Amino acid sequence: MNVLDKVLTLRPTSVVARLGSASRLPVLNPRELAKSLEGTPMALPCLPVPLRSMLPGLLAAGRGEDAVLGLVCPHPLADRGSAERFVAAVQEVAEADGHARPLFLQAGPVRVPGTAPASLGPLQEGLFRLVETGFSLVSLDVTRLPARAAVEAVLRLSETVMERELALEVSLPAASEGAEMDEARSLLEGLGRQGLGVRFLRVSEAALGDEAQDVQFLRGLVDLAGQHGAGVAVGEAARRSVRVLPTYVAAGVKKVECSAPFERLALASYPEPVREQLEEKARKAGVGAGQVLGMLGGQLAPLGAADEGRLEALTFAEASEVIEALGASGTGWKSMLALADRRED
């Protein structure tokens, strides 16, 4: 067996079932990828796909930088077929381009509005579909819940994810200013008492303060999460500039979801009236315009060939810069060698 063959045996069973046994696309569990890169000063790059036409540029950047790459479906439960279309598009584009560097697929963050059965029932069904669809990481957004309620909700929603031994990411729970660390500790301890391990504890860049405060808070959060076997993830990053990304790596962050630059590129591909409509829908829904575009893109007039080509090139350049800023260049083959060696043990 060569290195790729060994790595392919480590794919989650749900991924193999979705992609088919003949597929040679290494969609892996980010938990395994993070372990394979322990000691490397980097954070796993996780990039959104607002438009399908951005996929070739994103994947080409992963190959060009020889990098582990995560792709985000931020709206996996928008309708019954959205998650399936996302995974099918990734597989089609990646296999057409012969992509052979490790990928992981993230669903969410999935917003958890409360703990009532009426709220959790549909989410439980939806999360089961996400696992069956082939996602290797599920992200739950419990920012509207205090720690105790967040623990209850996560325990009830994560059963399918844990059964398949996939990676789980949970956001910081709701907290008053200055109490974020205490609520994070309550969340991790509450889940730990029930035997549930979280792979990533997610904090949104918007919730962070200035750069000095960011580093101090993140280092404290990294230490706390590490005591519970988790890493810290920063979401919605690079709203102002990708220059902030190395700061997160230096603080010990293990995964960065970098949405803003790619949402801007996607929106800029459409005429101003369309952009204004999308931004207005986003404001009313309380979500990013990129998420709205991801949900409604199929209803919009398709981009012309020239616009698609330009978007692919710009996406490639932006993704390459993000990967480099996160220290992820060269992690693709390195992680595969480490995983193949472990497969032999």
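Tabulated values for the structure
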quantity: For the chain, calculated [θ]222 nm from helices alone, where every DSSP H run of n ≥ 4 adds -39500 (n - 2.57); calculated: -16000 deg cm²/dmol
quantity: Efficiency of FRET from Cβ geometry, residue 21 and residue 279, R₀ 51 Å, rounded to 0.05; calculated: 0.70
quantity: Accessible area per residue in Å² at 1.4 Å probe, computed on the chain; calculated: 42 Å²
quantity: Volume per residue of the C-alpha convex hull in the stretch 257-345, rounded to whole Å³; calculated: 147 Å³
quantity: Residue-count net charge about residue 158 - beta-carbon cut-off 13 Å; Lys, Arg +1, Asp, Glu -1; calculated: -2
quantity: Local net charge near residue 311, Cβ-Cβ under 13 Å (Lys/Arg +1, Asp/Glu -1); calculated: -2
quantity: Nearest-0.05 FRET efficiency for residue 223 and residue 96, computed from C-beta distance (R0 35 Å); calculated: 0.20
quantity: Rough spin-label spacing in nm, given labels placed 7 Å along Cα→Cβ, for residue 179 and residue 240; calculated: 2.9 nm
quantity: Qualifying GluC sites (Glu not before Pro) in the stretch 1-75, DSSP loop, other Cβ atoms within 10 Å at most 11; calculated: 38
quantity: Spatially proximal lysines relative to residue 334 (Cα-Cα < 29 Å; intrachain offsets below 8 disregarded); calculated: 6, 35, 254, 255
quantity: Theoretical gain in end-to-end length, residue 63 to residue 193 [0.36 nm per residue, Cα-Cα removed]; calculated: 42.7 nm
quantity: 218, 155, 4, reordered so the largest accessible area comes first (probe 1.4 Å); calculated: 155, 4, 218
quantity: Principal axes of the stretch 184-234: Cα extent on each, largest first, Å; calculated: 35, 17, 16
quantity: Carbon/sulfur fraction of accessible area - the stretch 191-264, other protein chains in place, 1.4 Å, %; calculated: 45 percent
quantity: Fraction of accessible area attributable to carbon and sulfur, the stretch 7-94 (%, probe 1.4 Å); calculated: 53 percent
quantity: Cα-based convex hull, the stretch 40-133, per residue volume (Å³, whole number); calculated: 113 Å³
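The values are calculated or read from the model by the stated rules, or taken from the named source; none is laboratory data. Note that the coordinates shown come from a computational prediction; the quantities given were computed from them, not determined experimentally. Please note: Cβ atoms are built from the backbone with ideal geometry, for glycine as well, and neighbour counts cover all protein chains shown. The area values use the complete protein model at the heavy-atom level, side chains included, leaving out ligands, DNA and RNA. Shrake-Rupley method; radii C 1.70, N 1.55, O 1.52, S 1.80 Å.
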